[in-house]
1. Residue by residue through segment 62-81, note down the ones that are part of a helix (DSSP H, G or I) and not hydroxyl-bearing (Ser, Thr, Tyr).
2. Determine if segment 11-23 includes at least one residue that is at pLDDT below 95, in contact with a Gly (Cβ under 8 Å, 6 or more places away or on another chain), part of a strand (DSSP E or B) and outside the structural domain of Val296 (by TED's automatic domain parsing).
3. Anything in segment 75-95 that is closer than 23 Å to Asp141 by Cβ, touching a strand residue (DSSP E or B) at 6+ places or on another chain (Cβ under 8 Å) and surrounded by 15 or more Cβ atoms within 10 Å (Cβ to Cβ)? List them, or say none.
4. Is there a residue in segment 175-192 that is charged (D, E, K, R) and outside any helix (DSSP H, G or I)?
5. Scan segment 180-218 for residues that are within 15 Å of the chain's Cα centre (by Cα) and surrounded by fewer than 16 Cβ atoms within 10 Å (Cβ to Cβ) and jot them down.
6. When only residues in segment 267-287 that are of a type in the set (A, V, I, L, M) and farther than 13 Å from Leu253 by Cβ count, which is farthest from the chain's Cα centre (by Cα)?
7. So is Ala151 more than 18 Å from the chain's Cα centre (by Cα) and either outside any loop (DSSP other than H, G, I, E, B) or assigned by TED's automatic domain parsing to the domain that holds Arg291 (or both) or not?
Amino acid sequence: MRTARRIPLALLGAALALTACGAPDSGSPDTDEPAAGEGAFPVTVTDATGEVTIEQAPERIVSLSASHTEMLFAIGAGDQVEAVDEYSTYPEEAPTTELSGFEPNVEAISEYDPDLVLLARSAEETADQLESLGIPALVLDAAADLEDTYAQIRLLGEATGHAEEADAEAERVESDFDAVVEDVREQVGEVDLTFYQELDDTSYSATSATFVGQVYAAFGLENIADAADEDGSGYPQLSREYIVEEDPDLIFLSYGDESAVADVAARPAFDTVTAVRNDAVYLLDADIASRWGPRVVEFAELVGQAVVENAGE
């Protein structure tokens, strides 16, 4: 039994270079050249709550969503980002602060004098408070599928004056993701593997109805969490007995460090689980496996590597 198995980022020798809610509406007629970006302003986009008009190209953006912080830097808007929340740790140059994306503090946000704030849907009320101060805010849902990722990249391009770069980035991410899946399928053919992704050590998982689950589904993997999601939340808590009974071929851990792999193998009866017996318990990068930004391609590489290693088992 290994101490840990961390999948390499390069999949099958392919060199896929990595840069680094809702569809955009068309903008208004051309105005003077914006101070930042290259688009025409004012521009109106549609976020999770409705239409939002941004009068001028934003120069001081505060992002309180890690996935959207990654998107901003990937589309060339990084120089416009003034501050990000405590969990926006990628890329390294992101100006991480103690700002909270879960419980945003309007006073703390306003100290950065932002001209655009990005918020998660759970912080929708904060958008109204910011608007009352004359600070435009975009409220973005968590992506439900890959199409949402591509749409949000393009939306942020419109909102920041980087529409062309965002369109190119969305196309790149989609193309690279599809290439990883196609490469794997060409090598292994029809996939007949079951899997279980563990989100924490209390056995919460994610079904195929979630963004994370759809990444696995792209490879043809069968998710043992689907049948256990009685309330349709997308994130059921599985019993240890259920996991053993379902006997997944692959187990992915999106938390902890190398010791988490050994802990799984040491659970009662887990030595009978195919994934444990075949040394197919994989430790994922928790950030890559939980965000729906451009690094979803790396997530696909990680999953694809595991499929190739176990397809013939």
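1. Ala66, His68, Glu70, Met71, Leu72, Phe73, Ala74, Gly78, Asp79, Gln80
2. Among the residues of segment 11-23, at least one is at pLDDT below 95, in contact with a Gly (Cβ under 8 Å, 6 or more places away or on another chain), part of a strand (DSSP E or B) and outside the structural domain of Val296 (by TED's automatic domain parsing), which makes the answer yes.
3. Those that are closer than 23 Å to Asp141 by Cβ, touching a strand residue (DSSP E or B) at 6+ places or on another chain (Cβ under 8 Å) and surrounded by 15 or more Cβ atoms within 10 Å (Cβ to Cβ): Ala77, Gln80, Val81, Ala83, Val84, Asp85, Ser88, Ala94.
4. There is at least one residue in segment 175-192 that is charged (D, E, K, R) and outside any helix (DSSP H, G or I).
5. Listed by number, the list is empty, since nothing qualifies.
6. Once the filter is applied, the top-ranked residue is Ala269.
7. no
Conditions (1) of a type in the set (Val, Ile, Thr); (2) outside any loop (DSSP other than H, G, I, E, B); (3) over 30 Å from Gly157 (Cβ atoms); (4) modelled with pLDDT under 95, marked per residue:
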{"residue": "Tyr235", "(1), (2), (3), (4)": "no, no, yes, no"}
{"residue": "Asp257", "(1), (2), (3), (4)": "no, no, yes, yes"}
{"residue": "Val264", "(1), (2), (3), (4)": "yes, yes, yes, no"}
{"residue": "Ala289", "(1), (2), (3), (4)": "no, no, no, yes"}
{"residue": "Gly304", "(1), (2), (3), (4)": "no, yes, no, no"}
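The values are calculated or read from the model by the stated rules, or taken from the named source; none is laboratory data. If you're wondering where the values come from, they're calculated on a predicted model, not measured in any experiment. Neighbour counts are summed over all protein chains in view; Cβ atoms, including those assigned to glycine, are modelled from backbone coordinates with ideal geometry.
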